[in-house]
1. For a distance above 15 Å, tell me the whole-number percent of Cα pairs in the stretch 173-212 that qualify.
2. Percent antiparallel among DSSP beta bridges with both residues in the stretch 138-242, to the nearest 5?
3. Which number comes out as Rg/Rh for the stretch 1-55 once both Rg and the Kirkwood Rh are worked out on C-alpha atoms?
4. Given a Förster radius of 25 Å and the C-beta distance between Ala19 and Tyr56 as r, what FRET efficiency does 1/(1 + (r/R0)^6) yield to the nearest 0.05?
5. Could you tell me, in Å, what Rg and Dmax come out for the Cα atoms of the stretch 80-162?
6. List the residues, sorted by chain then number, that are 5 or more residues from Ala275 or on another chain and whose placed amide H is less than 5 Å from its amide H.
7. Which three extents, in angstrom, do the Cα atoms of the chain have along their principal axes, listed largest first?
8. If amide hydrogens are placed 1.01 Å from N in the peptide plane, which non-local residues have theirs closer than 5 Å to the one on Ile119?
Amino acid sequence: MPPLIFRRGLELKSEVAGALSNDYDSDIVKHLMASDYRLQTGRLTLHLAREFGFCYGVDRAVDYAYQTRKRFPDRPVYLTGEIIHNPHVNQKLRTAGVKFLSDPETRSQNIGQNDVVIIPAFGVTITELEHYVQRGCTLVDTTCGSVLNVWKNVNHYAKDGFTSVIHGKVHHEETRATASQSLTHPGGQYLVVLNHDETLEVCSYIRHGKGKKDFLKRFSVAASPGFDPDRDLKRIGLANQTTMLMSESLQIGDMLREAMLDRYGEAELDKHFRAFDTICSATQDRQDAVKSLLENYSLDLMVVAGGYNSSNTRNLARMAAERVPTYHIADADALVSVTKIRHRPVHPDGQKHLHKSNSEEMTTNAWLPNGPIIVGLTAGASTPNNIVGQIVDTIQKFTSIEEP
């Protein structure tokens, strides 16, 4: 008998709604939104981005995880990895008895037909999915629809003999899952590029075809098995990790298009280059909201809330840091005092790997200026409203303390 796979919830949405509200809602945030996303008290003026926090895909994934625990109270429930990149949410699930197959103590678990496995919003690779199917597990698939849309295009590329060039972080769960989709057809290939500089190298090879050995060394962990740039860069299709910086994805697409145009000419371009808009609308909305804050208000500083390994949160921080002092914090506990804040440093080039981010937390003194202050606040798509509310409450308390 094939395994049972749930992809549209488990018909328990109303039964878990109260628990989700208790765990993640915030009266402070509700009040702030009803007040034109603005708080003015004493010397503090705080502007909340008009798009922030949980996106639809994240909200759905967390909802399905709660439904799963409710539906199968007496069966082992596992997550293939973090449901989303937020330690607060993941800890809630651990407390509820959900085990993470990515945790060292669970990684070697020999799961079987009695076990329930939740696939997170990022999705999993085809190989991983086949493994769980073969084991006969009950599966709850929470893969985000925006991610599935990217997969659809990558599959089309592979079917038509185009290499997928993916703008993303090579070690990110979503990018690994997307890359695996390019291998669904014979001859399918992929290449992951992180940023402008790596794309320049790809464009140079497309134009000139020189330095094959160095090219393969540079992209050794970012290319599909057996990748040959002489063969596999002749026809390429653009894709992206949905949480990347929108402006950067568009720039990379333009760079690759120009390189193919130079190599093959306008008349042959469509035979060698394809691109579809696979930028997640929620990611774009949150980036646009930060841009609006920066353009419309004279902010003294920006606070960006979210997991340190959250790609979309880190990109929001990158955007803000170009204009104002910016602090990427995990939660309200990072606001240590009026004079001290713990935060993750913002890397403008996006070069740092995700798995190193937690060790990079630093402490800054004198982060909160004296006198009247205007603070911008946003949160990544994996950050629940209760954390946002706690941050607002803490900043309000700090700014109400009399200055020395």
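Nothing in this text is a laboratory measurement; each read-out follows from the coordinates by a stated rule. Model, not experiment: these values are computed from the prediction. Cβ coordinates were reconstructed from backbone atoms using ideal geometry, including for glycine residues, and neighbour counts include every protein chain displayed.
1. Details: 431 of 780 pairs.
Of all Cα-Cα distances in the stretch 173-212, 55 percent exceed 15 Å.
2. Here the antiparallel bridges make up roughly 10 percent for the stretch 138-242.
3. On the way: Rg = 18.2 Å, Rh = 14.6 Å.
Expressed as Rg/Rh, it is 1.24.
4. Plugging the Cβ-Cβ distance into 1/(1 + (r/R0)^6) gives 0.85.
5. That works out to 14.6, 47 Å for Rg and Dmax.
6. Amide H neighbours of Ala275, under 5 Å, 5+ apart: Leu238.
7. Principal axes ranked by extent give 67, 54, 34 Å for the Cα atoms.
8. Amide H neighbours of Ile119: Val140, Asp141, Thr142.
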